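Undergrad: Have a look at this one before I ask anything.
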Amino acid sequence: MAVRNFRTPAARYPADPRAVFILMTCVISGIPLLLGRSTPGSINSQLDRPQVITWGLLLVLGAGTTLIGMFRQTVNGVVLEQIGSVSVGGACWIYAGAIAAQVGLAGAVPGLLIFGFGFACFWRWGQLQTHLRDAERLAQVRKEIRGGDE
């Protein structure tokens, strides 16, 4: 029995409902941020307006792109999921840094959660890159086998 690499995704399809839920939450929560609305007493209310709007934009676009890619069972779908994952991951790291800079230790819990989600997004990009490489190798082997039959 082959040993699976910890970076290899368990499966590409169907989409993990937990991931779909979190990404939908990102899209839904990003929309009010795009409009510059934040709840009093929230981390967002303590950040500069451009930071909040950028966070909202990257959440909506990145998570939306990831979701579209997750449901397209094509190479382009994998690439879209990767693009969205990098966008959300980068946004999370930038936002976690903004929380640390603006709020300090009081924002440690939300900052670390957001940083961790960003890390998971980058991890997913790596899993998908492994998936694409494996698919490309398999296609090459199949091509060589077919070429050998002719």
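The values are calculated or read from the model by the stated rules, or taken from the named source; none is laboratory data. Everything numeric in this text was worked out from a predicted model, so none of it was measured. Note that we place each Cβ from the backbone using ideal geometry, even for glycine, and neighbour counts take in every protein chain shown.
Undergrad: Return the residue satisfying two criteria in turn: it lies in region 27-51 and is at pLDDT below 85, part of a loop (DSSP other than H, G, I, E, B) and out of contact with any helix residue (DSSP H, G or I) (no Cβ under 6 Å at 6 or more places or on another chain), and of such residues it is surrounded by the fewest Cβ atoms within 10 Å (Cβ to Cβ).
TA: P40
Undergrad: Which residue pairs have Cβ atoms closer than 9 Å, lie 6 or more positions apart in sequence or on different chains, and pair a first residue in region 62-84 that is in contact (Cβ under 8 Å) with a residue 12 or more places away in the chain and under 15 Å from H131 (Cβ atoms) with a second residue that is in a helix (DSSP H, G or I) and among the basic types (K, R)?
TA: Every condition considered, the pairs that remain are T66/R124; E81/R124; Q82/R124.
Undergrad: Sticking with this structure for a sec: Please verify whether V78 is of a type outside the set (D, E) and in contact with a His (Cβ under 8 Å, 6 or more places away or on another chain), treating the condition exactly as stated.
TA: Taking the combined requirement at face value, the residue satisfies it.
Undergrad: Let me ask something else. Could you list all residues from region 115-150 that are among the basic types (K, R) and either closer than 13 Å to V88 by Cβ or surrounded by 14 or more Cβ atoms within 10 Å (Cβ to Cβ) (or both)? Spell out how you get there, then give the answer.
TA: Taking region 115-150 as the starting set, the residues that turn out to be among the basic types (K, R) are 124, 133, 137, 142-143, 146.
Result: R124, single match.
Undergrad: If I ask for residues that are more than 8 Å from the chain's Cα centre (by Cα) and within 19 Å of L33 (Cα to Cα), which ones from region 60-94 would you list?
TA: Correct list: V60, L61, G64, T65, G90, A91, C92, W93, I94.
Undergrad: Continuing with this model, one more query. Restricting attention to region 103-111, does a residue exist that is surrounded by 15 or more Cβ atoms within 10 Å (Cβ to Cβ), in a helix (DSSP H, G or I), in contact (Cβ under 8 Å) with a residue 24 or more places away in the chain and within 12 Å of the chain's Cα centre (by Cα)?
TA: The answer is no, given that none of the residues of region 103-111 is surrounded by 15 or more Cβ atoms within 10 Å (Cβ to Cβ), in a helix (DSSP H, G or I), in contact (Cβ under 8 Å) with a residue 24 or more places away in the chain and within 12 Å of the chain's Cα centre (by Cα).
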